[in-house]
Amino acid sequence: MLSAESATARAGRGGVMFSFDRRDFGPEFIFGVATAAYQIEGGQGDGRGPSIWDSFSATPGNVHNGDTGREACDHYRLWPQDLDLIRDGGFDAYRFSFAWPRLIPEGTGAVNPAGLDFYDRLIDGMLERGIKPYATLYHWDLPSALQDRGGWMNRDIAGWFADYATLVAEKFGDRLHATATINEPWCVAFLSHYLGVHAPGYRDLRAAARAMHHVLFAHGTAVDALRAAGAKNLGIVLNLEKSEPATDSEADRDAAGFGDALFNRWYLGGICKGQYPAELTEWLAPYLPEDYQRDMEVVSRPLDWLGINYYTRGLYKASSQPGRPVERVEGPLEKTDIGWEIYPQGLTDLLVRVSREYTRIPLYVTENGMAEVEGDDDPRRTRYYEDHLKAVLAARAEDADVRGYFAWSLLDNYEWAEGYAKRFGLVHVDYATQRRTPKSSYRAFQGLLHNTR
Ligand code: FCB
């Protein structure tokens, strides 16, 4: 371990620095940053079709301040300087997403040549700078034309998604270091079809049950399509939480178990074991697609790696309301600017649990980071990263095969229902001028990563 003093000297600048050295992670460990198309690209002319986030965000009451992704970080134009920031930070890899409606404006059928050109240049730009491209096919911007046909509630989405996956594999597959099908299926299904917080904003148990299955069936179908088109190194990105009981009572412990099934085990069990948790198949029985069991072999297609996004824990108590299975309560720990408890131990616990109970394929932390108040001096964020990177080391010491870590996010960006109010970036964005200013947390990564690649 280097002392904090020598790490600071190496970075050539004051401020909070990491206490460890990148060599503590081994020479092969990948450090990266992550973003998503709708949150940064803007550039909605140029042939891009409408997505469910365009209409959802244009509907009053859905998004803080009525913010939309129309301009976002104007990454569509400014991508060269954004890639320079990734390179200059010393990062090995960039996790980005393709916008389905930019490539196929109606979701199926005709391809937008300007969209192909954009991702061609972006991927070549990464390779020229020595940055490994980690692509995600779906980070929530479903083409509106497909929502009109039922979106994730319609089983046909598996075929639509597989065709889109094939296009990506054929055009870009040889240049991608890794490809994930779906980002955070819990959000795609439950948050967006039961809680109504994200597009398309449904609050309906049948809609949710169908989306919960179809999102994983579409994932497996796309894995087959990607493999058939020659794409390599395939995975999926799950958001996992550490589900814990609010008190030690049996009722609260049961509630945490149900929360764990809903948030974690549905997806881990489906993908790694071809099996959904019994308490959920019972609860959802009247609403699940008929014969969903027949799809489980496709749902659980072997993968090359598993991505885990981790931010916080979930604290549960038994529900006092009829029909509502569990309730989440606010916890007592220090919180980030978005109100999420800071809980690094949960990351160690999850990584160890996944590697012991679910899979031995390589794991990546594909997102981790915190919202902090605006400014470019963010020592609390550096500490958050310090503590979570140590949590990764602790998981590796317990034999979890974690091969990489991606910070969320490179830039302050469009934080979905929170609009531009919540800032997760290592780099500050002034939305009026689109000026980028590296924060002190970016400098801390620079200090960690530079000259040691
Ligand atoms: C994750 C999303 C990502 C970002 C972070 C804060 O759930 O994948 O797009 O919004 O949360």
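FYI, it's all coordinate maths here, none of it is from the lab. On a predicted model such as this, the values are computed, not experimentally measured, just so you know. Every residue, glycine among them, receives a Cβ derived from its backbone with ideal geometry; neighbour counts consider all protein chains shown.
Quick rundown of the values:
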| item | result |
| --- | --- |
| Cut-off 12 Å (backbone N to label point 7 Å along Cα→Cβ of ARG360), residues of segment 380-406 | 401 |
| Zero-based 10 Å bins, Cα pair distances in the chain, whole percents | 4, 21, 33, 28, 11, 2, 0 |
| Computed over the chain: relative contact order in percent, which uses C-alpha pairs under 8 Å that are six or more apart | 19 |
| Table column - 3J(HN,Hα) (Hz), segment 241-249, Karplus curve with 6.51, -1.76, 1.60, x for Gly and Pro | 10, 8, 8, 10, x, 5, 9, 8, 5 |
| Estimated inter-spin distance, ALA421 and ALA397, nm [label 7 Å along Cα→Cβ] | 4.0 |
| Using distinct alpha-carbon pairs, which all enter the 1/r mean, Kirkwood radius of segment 273-349 in Å | 16.1 |
| Per-q log10 I(q)/I(0), segment 356-453, q = 0.25 Å⁻¹ (Debye; single scatterer per alpha-carbon; no solvent) | -1.30 |
| Nearby lysines by direct alpha-carbon distance to LYS232 (threshold 29 angstrom, same-chain neighbours under 8 apart not counted) | LYS132, LYS171, LYS273 |
| Relative intensity, log₁₀ I(q)/I(0), of segment 320-388 from a Debye sum that treats every alpha carbon as a point, q = 0.11, 0.16, 0.22, 0.23 Å⁻¹ | -0.42, -0.77, -1.02, -1.05 |
| Amide H contacts under 5 Å for GLY314, placed H, 5+ residues apart | LYS242, SER243, GLU244 |
| Mean ellipticity per residue at 222 nm, deg cm²/dmol - from DSSP H runs of n ≥ 4 across the chain, formula -39500 (n - 2.57) | -11000 deg cm²/dmol |
| Kirkwood Rh and Cα Rg combined as Rg over Rh, evaluated for segment 225-293 | 1.11 |
| Calculated FRET efficiency for the pair ARG23/ARG70, C-beta based, R₀ 45 Å, to 0.05 | 0.55 |
| Under 18 Å from LYS422, Cα to Cα: lysines that are on another chain or at least 8 residues apart | LYS335, LYS439 |
| Angstrom value of the Kirkwood radius, inverse mean 1/r, which spans all Cα pairs in segment 19-70 | 14.3 |
| In Å, descending, principal axis extents of the Cα set of segment 123-279 | 56, 36, 27 |
